[in-house]
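Visitor: Just dropping this structure here.
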Amino acid sequence: MKMNKITTLLFASLTMGMMSSCVNDDDTSLPEYTPLIFGEDFSEGADNTLFEKEGWLNFAETGTVRWTNQVYSGNGYAEFTSYQSGQSSNIGWLITPGIDLDAQEGEKLVFQTAQAFVDNAANTIEVLISTDFDGTNVTAATWQSLSATFPTTSATYYQFIKSGVIDLSRFTGTAHIAFRVKGNGTTLDGTYQIDNIRVYN
């Protein structure tokens, strides 16, 4: 039987002393990027609440599941899970505010992601960029997938890993960065988490 998040964390804390992967120094304090163009560390939301922040869009393309705020040992992050959704498809987008890519050159993107209970490769997370998104109509915009490192199905649960440095310098105008998860409430009911988003040059 699949353990839920709370059960897993309690078990890990008893067997390993603490879930260091969720709160180690690398997770909570990325090196400063100067100049920083955009940053989000999800430190403002209350635990287990719907993620709502000015300028962001939290959108359910199919199903009703949306991204939530989560806090563990003082570290905030955003989470999407279709566990127990009871729905045949869950596709959730978390989209940043617009980022001006014309004000400077050589922009780069970094972030961190973690997974738990993702045991099917069809249960996915991806990062995309759009320069024609109007802030409202997600599916009408042109989205381009960005190459990044994400946790695999064999990754340690709740262990954040770095995306690698993603070059955005070929894009111009106002860009939106999106994180999209695909799952469902039965066979693809894993959990994905994101944290420490930075755009810098």
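The values are calculated or read from the model by the stated rules, or taken from the named source; none is laboratory data. Computed from a predicted structure; not experimentally measured. Note: ideal-geometry Cβ built from the backbone for every residue, glycine included; neighbour counts use all protein chains shown. Ligands, DNA and RNA are excluded from the accessible area calculation, which covers all protein heavy atoms including side chains. Shrake-Rupley method; radii C 1.70, N 1.55, O 1.52, S 1.80 Å.
Visitor: Using a 7 Å offset from Cα along Cα-Cβ at ASN201, what residues in segment 150-186 end up with backbone N under 14 Å from the label point?
Guide: 167-175
Visitor: From the backbone phi of segment 127-142, what are the Karplus-calculated ³J(HN,Hα) couplings (6.51 cos²θ - 1.76 cosθ + 1.60, θ = phi - 60°) in whole Hz, Gly and Pro given as x?
Guide: 10, 9, 9, 9, 10, 10, 5, 8, x, 10, 8, 5, 6, 7, 7, 8
Visitor: In addition: Roughly how many debye, to the nearest 20, is the charge dipole of segment 54-130 about its Cα centre, given +1 on each Lys and Arg Cβ, -1 on each Asp and Glu Cβ, and no other charges? Before the final figure, lay out each step's value.
Guide: On the way: 2 positive and 9 negative charges, 69 e Å.
My answer is approximately 340 debye.
Visitor: I need the trypsin sites (Lys or Arg not before Pro) found in segment 156-189, filtered to DSSP loop residues with at most 16 other beta carbons within 10 Å of theirs.
Guide: When the trypsin sites (Lys or Arg not before Pro) of segment 156-189 are filtered for loop state and at most 16 Cβ neighbours within 10 Å, ARG170 remain.
Visitor: At most 15 other Cβ atoms within 10 Å and a DSSP loop assignment: could you name the GluC sites (Glu not before Pro) in segment 98-201 that fit?
Guide: On the way: sites: GLU105, GLU107, GLU126; in loops: GLU105, GLU107.
Here the sparse-neighbourhood loop sites are GLU105.
Visitor: Expressed as a whole number of Å, what is the distance separating the alpha-carbon centroids of segment 44-62 and segment 161-192?
Guide: Cα centroid to Cα centroid, the span is 15 Å.
Visitor: Separate question: Ignoring ligands, DNA and RNA, what percent of the 1.4 Å accessible area of segment 51-196 is carbon and sulfur?
Guide: Working: 2720 of 6090 Å².
The nonpolar share, carbon plus sulfur, comes to 45 percent.
Visitor: Under a point spin-label approximation (7 Å from Cα along Cα-to-Cβ), what is the SER169-ALA46 distance to one decimal in nm?
Guide: According to this spin-label approximation, the distance is 4.5 nm.
Visitor: Quick check for me: using +1 on Lys/Arg Cβ and -1 on Asp/Glu Cβ, what's the dipole size of segment 68-174 about its Cα centre, in debye to the nearest 20? The partial results should precede the final answer.
Guide: On the way: 3 positive and 10 negative charges, 70 e Å.
With only Lys, Arg, Asp and Glu charged at Cβ, the dipole is about 340 debye.
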